[in-house]
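What follows draws every value from the coordinates through simple rules; no lab data is involved. As the structure is a prediction and not an experimental result, all values here were calculated from the model. Every residue, glycine among them, receives a Cβ derived from its backbone with ideal geometry; neighbour counts consider all protein chains shown.
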Amino acid sequence: MVEKRVMSGSEAIANAVKLCKPAVLPMYPITPSTLVPEKLSEYVANGELKAEMIYVESEHSAASALYGAYTAGVRSFTATASQGLALMYEILPIISGSRLPAVMMVANRALSAPLNIWNDHSDAMSAKDQGWIQLYCENAQEAFDTTLMAYRIAENEGVLLPVMVCVDGFVLTHMYEPVQIEDADKVSAFVGEYKPHNFLDTSNPKTFGAFAQPNTYFEFKEAQQKAMMNSLDIIKEMNVEFAKKFGRSYGNGLLELIDMKDAEYAIMVAGTTVGTAREVVDELRAKGKKVGIIKIKSIRPFPVDDLKNATRKLKGLGVIDRHISIGYEGPLCTDTRAVLAGEKVKISGFIAGLGGRDIDRTRIRDAFDLVMKGKEGKWLK
Amino acid sequence: MAKKEKAKEKRTAVSASSYSGEKTATGIPLTCGASILTPGTSKVYKTGTWRTFKPEIDQSRCIKCAKCWMSCPDAAIFIDKEGKYQVNYDYCKGCLICAKECPVKCISYKVEEK
């Protein structure tokens with residue numbers, strides 16, 4: 001019997017994690033990710049989930065314990081946001097470089113200063129170069145589904161890379177929506193039991209965290225890059241497999257194209273803003289404008305070929321970044337410009353929603369307006 | 001189908017758990033997560049080349065107290081078959097802790113010449 005309940009995005013993720021049966025949960029709650037460790041500790045306390053909660057003393061320790069759990073050979077999970085992710089920064093490339101298939105929820109929140117607890121993408125976007133797959137979600141159901149897929153993607157033998165499930169702080173984490181929580185057995189059949197590849201095993205001793213000299217380090221980074229490029233296919237495969245099992249899918253897993261078939265102009269954005277953009281597109285379509293949305297789900301790996309194909313017929317593309325690489329422009333826009341260099345499509349970069357500033361319909365209409373006029377983007381203040 | 005299988009093969013080659021046999025140009029095994037599969041590999045890496053000062057033990061004055069042996073951070077002092085304390089120059093980095101610790105000051109040193 002399929003159960004659909006109204007719950008927050010965080011509770012949806014906590015439910016997904018519970019169904020994946022992690023053995024160790026190192027947690028250091030930080031707004032707006034706090035509801036996830038809260039729910040998980042509830043599940044552990046009432047016996048629904050047999051896992052060891054570790055109440056660590058900082059996010060640096062949470063990430064370190066995540067590394068420890070995976071080197072011990074068990075499935076794990078943690079959640080963080082903003083300054084928490086910043087404090088984890090040292091451990092992020094250690095987890096990915098050690099090829100440990102960790103899964104972490106990032107409740108996207110602005111970085112200080114000034115201190116701000118609201119949603120933008122500055123935390124995760126700043127960490128996108130650290131070898132973690134980054135999947136962004138639009139709503140609570142997608143957050144639930146993506147968390148399940150994240151374990152499969154991370155643990156795939158051709159990938160073995162950690163995954164960040166990025167969800168917009170408050171706008172998604174604290175939003176109550178109907179979510180279909182799938183049957184435990186069905187989820188177990190999909191996710192499968194964790195079979196560790198690289199772990200501390202007394203019958204097969206290995207050295208972890210050894211140093212690599214200039215004659216070796218380079219090749220290990222190359223191997224990581226290859227694995228990340230492999231993940232493009234694996235993410236797509238998981239999306240298809242998930243659709244077969246549960247009847248839901250998200251574009252091709254990397255990108256979702258909304259009203260793009262005959263579109264001449266489009267907006268590309270990640271996360272919950274897609275929901276608002278859908279409404280604006282409906283309005284504009286009613287007025288006869290040929291507009292669409294490219295919802296970018298995977299920022300790392302960056303879906304270069306799919307993005308090229310999706311934009312082939314476009315005249316103009318507006319890229320909305322919820323982060324600014326201060327000194328240049330939004331990083332999503334930079335990546336897009338690189339992919340589409342030499343193509344005819346005009347790219348306009350927009351900075352929006354910093355520190356939780358609403359990206360409402362007016363602002364998205366504003367962006368479409370400039371894109372359709374072939375003008376440069378701007379800060380959607 | 002053949003293409004798909006080839007792609008799959010390529011996928012496992014770069015990241016398989018068990019070491020697939022790939023090596024870097026200098027012959028280092030390209031393992032998943034840069035883990036080292038066999039113990040004792042630090043022996044291969046001869047840190048003696050780092051040395052600036054080369055300690056020398058004056059066997060005629062050595063009282064065999066083992067203080068140098070105990071204090072060497074690289075375990076580069078060993079006892080030979082005759083029971084003499086010797087420096088293994090393959091691994092001695094020339095930190096001179098042994099010379100400092102020696103109670104009878106029988107360990108002298110000079111600048112390494114190569």
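Summary of computed values
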{"quantity": "Charged-residue dipole, Cβ positions (Lys, Arg, Asp, Glu), region A:1-48 about Cα centre, Debye nearest 20", "calculated": "120 debye"}
{"quantity": "GNM result for chain A, Cα springs below 10 Å: residue of A:LYS50, A:LYS287, A:LYS226 fluctuating most strongly", "calculated": "A:LYS287"}
{"quantity": "For chain A, built as a Gaussian network whose Cα springs stay under 10 Å, the top-fluctuating residue of A:MET149, A:MET105, A:MET175", "calculated": "A:MET175"}
{"quantity": "Calculated P(r) of the protein assembly as shown - Cα pairs past 37 Å, %", "calculated": "38 percent"}
{"quantity": "Estimated D of region A:44-121 in µm² per second, where Rh is the Kirkwood radius over Cα pairs and Stokes-Einstein applies at 25 °C, 0.890 mPa s", "calculated": "181 µm²/s"}
{"quantity": "Per-residue [θ]222 nm for the protein assembly as shown (sum of -39500 (n - 2.57) over DSSP H runs n ≥ 4, rounded to 500)", "calculated": "-10500 deg cm²/dmol"}
{"quantity": "Sparse-neighbour loop sites [GluC sites (Glu not before Pro); region A:125-212; at most 11 other C-beta within 10 Å; DSSP]", "calculated": "A:GLU193"}
{"quantity": "Mean Cβ count within 10 Å, highest first, over the residues of peptides B:55-64, B:25-34", "calculated": "B:25-34, B:55-64"}
{"quantity": "In degrees, nearest ten, helix A:273-286 long axis to first principal axis of chain A (Cα)", "calculated": "30 degrees"}
{"quantity": "A:VAL103 long-range amide H proximity, modeled H, under 5 Å", "calculated": "A:SER76, A:THR78, A:VAL163"}
{"quantity": "Spatial separation of Cα centroids for region B:68-114 and region A:331-381, in angstrom", "calculated": "67 Å"}
{"quantity": "Cα centroid separation, region A:139-162 to region A:285-318 (Å)", "calculated": "23 Å"}
{"quantity": "DSSP bridge orientation in chain A - percent antiparallel, rounded to nearest 5", "calculated": "25 percent"}
{"quantity": "Rule-of-thumb Rg ratio for region B:27-90 [Cα; 2.2 N^0.38 Å; N residues]", "calculated": "1.50"}
{"quantity": "For region A:180-217 versus region A:14-48, the gap between their alpha-carbon centres in whole angstrom", "calculated": "20 Å"}
{"quantity": "5 angstrom amide H check on A:ILE54, placed H, neighbours 5+ away", "calculated": "A:LEU25, A:MET27"}
{"quantity": "Max mean-square fluctuation residue, GNM over chain A, Cα-Cα springs under 10 Å, options A:ARG322, A:ARG278, A:ARG99", "calculated": "A:ARG278"}
{"quantity": "10 Å Cβ neighbours from other chains, averaged over peptide A:93-99", "calculated": "2"}
{"quantity": "Cut-off under 5 Å, modelled amide H: who pairs with B:ASN88 long-range", "calculated": "B:ILE77, B:PHE78"}
{"quantity": "For a label point 7 Å along the Cα-to-beta-carbon line of B:GLU112, residues of region B:78-102 with backbone N under 13 Å", "calculated": "B:88-96"}
{"quantity": "Under Karplus coefficients 6.51, -1.76 and 1.60, residue-wise ³J(HN,Hα) of region A:246-251 in Hz, glycine/proline x", "calculated": "10, x, 10, 8, 10, x"}
